[in-house]
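Enquirer: Okay, handing you the structure first.
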Amino acid sequence: MPEAASGAHASVTLSDILAASCNADGGWGYQRGKSSRIESTAWVALARTPFSSDALRWLTRIQGADGWLRDDQHAPVNYGFNALALLAMTTAHRVPGGATALARNLLGVKGLRFDPSPVVRQDNALQAWSWVDGTLSWVEPTAYALLALKRARQCGVQMPASLAERLDVGERMLIDRVCTGGGWNYGNAQVFDKQLLPHGPTTAVALLSMRDHRGVAAVRDSLVFLEQHATAERSGLALALATICLRVFDRDARAALDAARRQLAVSLRLEQTVTLAALLVAIDDRPDAVEAFTVGAHDA
Amino acid sequence: MPDPTRRLGLGRREFLAATAGALVAGACRRRPYDSRQFAHPDRSAVGLFAADEYGDGLADVVYRGLREFAPDVTGRRVLLKPNMVEFERGTAINTHASVVAAAADAFLRLGAAEVIVGEGPGHRRDVEYLLGVTGLFDYLADRRLSFVDLNHDDVVWTKLQSHFTNFAELALPSTLMAADLVVSMPKLKTHHWAVITAGMKNLFGVVPGSIYGWPKNVLHMAGIENSILDLAATIRPQFTIVDGITGMEGDGPIMGQPKHVGTIVMGNDVVAVDATCARVMGINPSRIGYLAEAARFLGNLSESTIDMRGEPLARFASSFALPPSLTGGTAG
């Protein structure tokens, strides 16, 4: 079992690696040497490093006149990663003006509606958020959209009147798709009568987006699931997200954090920007390190 | 995901026939490819090699198998594309890590300049987790081999070589497009929408989720069989190595049951390999729509045009339980 890296040492290492992997255009790719991309750059912005403002500038610079950010001019708009970009924008001292257009765009997104099916017993009428246009609603893009829109509202971004209705649909979709016993798979909770298993990262992200509904049974059950299985998935990203989520819910995150530090050697070898940035957030012990992931009122 | 057999109100046999018929009927109107761009082989060879268990002994099995085909890999960059989609202990979802390692060893022994392993999982996009839990991370680390997450690679916009879908082009991983030799390395499984998943369906994994989302839903919306055909026609993997040691029957590709077969299937014609895999599973390949269509322009399907190497097919012939979506049942 690898030794756990100390918090300060790990932070410096992660920060140094991320600083060194910044591209000449000011953004970050999924790995050092790869083209700058929305998801990876948004995570660097969320990690509150000395260079996070550079990441934020890159995000605002690539925002198109139509309000969307695109990894590639030919590529379909990725709604999940645009939500992540909006979340990153809410970390700025002055939220960029483009956040309003981005929030408005996200509110207009709807996953496909389809007929009831005996294959997946769920409410297929709930049109939450899909990854890209013309596809079905999935847990991750829906959770990122909810989290970003709620944070944007908290940060004073001007929101259209449709906000409440869209948040309601997204929340109902997540509650509808919760696995038996709590937690989330990627989209469905069961297929062909088989109950699907919940996963750590999807559960953590969905919980973050539902923190303002802590009294709802699906949220309570899922939080219990995450607490019990926080260290089950050995990857830097899974452990970092579990740590962030448990901290946001004011739960004991020490086991997940220790496991994340022990996993660090593997994460550093793979050198994936999203994982390293998420680990930096998880390891950051400043009280406001996870503020960007917190929706709803703080506990007294 | 909507269920195509229920939508059509068909049972298994009718579904297989109907999908083949629909593709063929469509193709009769106007072939969605330029046949001059495809050199259909007169004959193909497929090898079935006995391998009863996973482990280090596989390197020799794969090496001996590859030598039967004598692929020219000297000085070339080889991309191994296993099927690694999800993990559940006790199941047989993924190409076993020891098969991937054996293939890497064999290609390097045959003179490849570089072997890269790449996959873009359709469900779990956390490859650090998948590499660790499947054991592939350790195999790669021992051999100092690179892994490329094809979901998050840089992309090259690539014109499709056939047009069964409405896509004119797709963003495909730059590592894939830069490889001299692409080796599809699927698991032998039934598939609840595509009947079987082998060398051709495995190519879904190269479509980058960071561009198209998960679980590569755009391909489902464009038609699974149409997407399989367009990807196979465009990527044209030069070699296929199927992990048929323990396959999956029933509700594949994720929720089925392990099925021991004890073979590794190899060949340089992905259509012929997939047709042979179907026969091993007890399924008539000409009844699988995309295979029947692929046989028109990509490769060979008929037993009369496939030369068998290694062991006879009868040694491994099984009867895989089909997914409930193809049998009219809903039991998991």
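Enquirer: Please give the FRET efficiency for B:E311 paired with B:R77, using the beta carbon to beta carbon distance and R0 = 30 Å, rounded to the nearest 0.05.
Expert: E between B:E311 and B:R77, to the nearest 0.05, is 0.45.
Enquirer: Provide the per residue accessible area, probe 1.4 Å, for chain B, rounded to a whole number of square angstrom.
Expert: Spelled out: the 1.4 Å probe surface of chain B, per residue, equals 34 Å².
Enquirer: With runs of 4+ DSSP H residues as the only contributors, calculate the mean residue ellipticity of chain B at 222 nm using -39,500 (n - 2.57) per run, divided by the residue total and rounded to the nearest 500.
Expert: After summing the helix terms and dividing by residue count, I get -9500 deg cm²/dmol.
Enquirer: Another question, then. Ranking request for peptides A:175-183, B:180-188: highest mean number of other beta-carbon atoms within 10 Å first, then the rest in descending order.
Expert: Going from most to least packed, we get B:180-188, A:175-183.
Enquirer: A follow-up question, please. Run the Debye formula on the Cα coordinates of the protein assembly as shown, all scatterers equal and no solvent, and tell me log10 I(q)/I(0) at q = 0.07 1/Å.
Expert: At q = 0.07 Å⁻¹ the computed log10 ratios are -0.42.
Enquirer: Compute, for the protein assembly as shown, the length of the dipole vector about the Cα centre, with Cβ point charges of +1 (Lys, Arg) and -1 (Asp, Glu) only. Units Debye, rounded to 20.
Expert: Result for the protein assembly as shown is approximately 960 debye, rounded to the nearest 20.
Enquirer: Starting from 0.36 nm per residue, how many nanometres of slack lie between A:A8 and A:A164 once their C-alpha separation is accounted for?
Expert: Additional length available on full extension: 52.0 nm.
Enquirer: Treating only the Cβ atoms of Lys and Arg (+1) and Asp and Glu (-1) as charged, compute the dipole magnitude of chain B about its Cα centre; round to the nearest 20 debye.
Expert: That gives chain B a dipole magnitude of about 920 debye.
Enquirer: Which residues does a label at B:R36 reach in the range B:289-312, if reach means a backbone N under 19 Å from a point 7 Å past the Cα toward the Cβ?
Expert: Within reach of a label on B:R36, which here means backbone N under 19 Å from a point 7 Å along Cα→Cβ, the range B:289-312 contributes B:297-298.
Enquirer: Accessible area of the range A:195-300 with a 1.4 Å probe: how many percent of it is carbon plus sulfur?
Expert: 51 percent
Enquirer: Additional query: With a 1.4 Å probe, what is the total accessible area buried between chains B and A, in Å² rounded to the nearest 100?
Expert: Accessible area lost upon association: around 3800 Å².
Enquirer: Pick out, in residue order, every one of the GluC sites (Glu not before Pro) in the range B:117-206 that is DSSP loop and has at most 10 other C-beta atoms within 10 Å; say none if there are none.
Expert: For GluC sites (Glu not before Pro) across the range B:117-206 that sit outside H, G, I, E and B with at most 10 neighbouring Cβ atoms in 10 Å, the list is empty.
Enquirer: Sticking with this one: Excluding residues on the same chain fewer than 8 positions from A:K34, give the lysines whose Cα lies under 21 Å from its Cα.
Expert: A:K34 reaches B:K81.
Enquirer: Now, a different point. Efficiency by 1/(1 + (r/R0)^6): what FRET value for A:R172 and A:R57, r their Cβ-Cβ distance, R0 = 56 Å, to the nearest 0.05?
Expert: Calculated value: 0.95.
Enquirer: Considering only DSSP beta bridges with both partners in the protein assembly as shown, what is the antiparallel share in %, to the nearest 5?
Expert: Bridges in the protein assembly as shown that DSSP calls antiparallel: roughly 55 percent.
Enquirer: To continue, here is another question. Which whole number gives the average, over all residues in A:186-197, of C-beta atoms from other chains lying within 10 Å of the residue C-beta?
Expert: Per residue, the average neighbour count from other chains is 5.
Enquirer: Taking 0.36 nm per residue of separation and subtracting the Cα-Cα distance, what length does fully extending A:R94 through A:E291 add?
Expert: 69.4 nm
Enquirer: Now for a different question. Is there a simple number for the mean count of other chain Cβ atoms within 10 Å of the Cβ of residues in B:207-219, and what is it?
Expert: Partner-chain Cβ atoms within 10 Å, mean over residues of B:207-219: 6.
Enquirer: So, in nm, how far is label A:Q195 from label A:A24 when the simple model puts each one 7 Å beyond its Cα toward the Cβ?
Expert: Distance between label points: 5.6 nm.
Enquirer: Along the charge dipole of the protein assembly as shown, Cβ charges K/R +1 and D/E -1, which of B:L229, B:A45, A:P198 sits furthest on the positive end?
Expert: Among B:L229, B:A45, A:P198, the one farthest towards the positive end of the dipole of the protein assembly as shown is B:L229.
Enquirer: Another question, if that's okay. Roughly speaking, what % of Cα-Cα pairs in the range A:55-112 are separated by over 15 Å, rounded to a whole number?
Expert: 42 percent
Enquirer: Sketch the reach of a paramagnetic label on B:T91 as a point 7 Å from Cα along Cα-to-Cβ, and name the residues of the range B:218-246 whose backbone nitrogen lies under 17 Å away.
Expert: Residues passing the 17 Å test: B:246.
Enquirer: Right, next: How many nm is it between the label spots at A:R251 and B:D142, if each spot is 7 Å from the Cα in line with the beta carbon?
Expert: Spacing of the two 7 Å Cα→Cβ label points: 3.7 nm.
Enquirer: On a straight-distance basis, which aspartates and glutamates could pair with B:K189 in a cross-link, Cα separation under 12 angstrom, same-chain partners fewer than 8 positions away excluded?
Expert: The reachable aspartates and glutamates, counting only those whose Cα sits under 12 Å from B:K189, are B:D243, B:E249, B:D251, B:D274.
Enquirer: So if we plug the beta-carbon distance of B:E68 and B:A168 into 1/(1 + (r/R0)^6) with R0 = 35 Å, what FRET efficiency do we get, rounded to 0.05?
Expert: Computed FRET efficiency for B:E68 and B:A168: 0.35.
The values are calculated or read from the model by the stated rules, or taken from the named source; none is laboratory data. It should be emphasised that the depicted structure is a prediction, and the values quoted were computed from it without experimental measurement. No Cβ is skipped: glycine too gets one built from the backbone with ideal geometry, and neighbour counts run over all protein chains shown. Areas reflect the complete protein model, heavy atoms only, side chains present, ligands, DNA and RNA absent. Shrake-Rupley method; radii C 1.70, N 1.55, O 1.52, S 1.80 Å.
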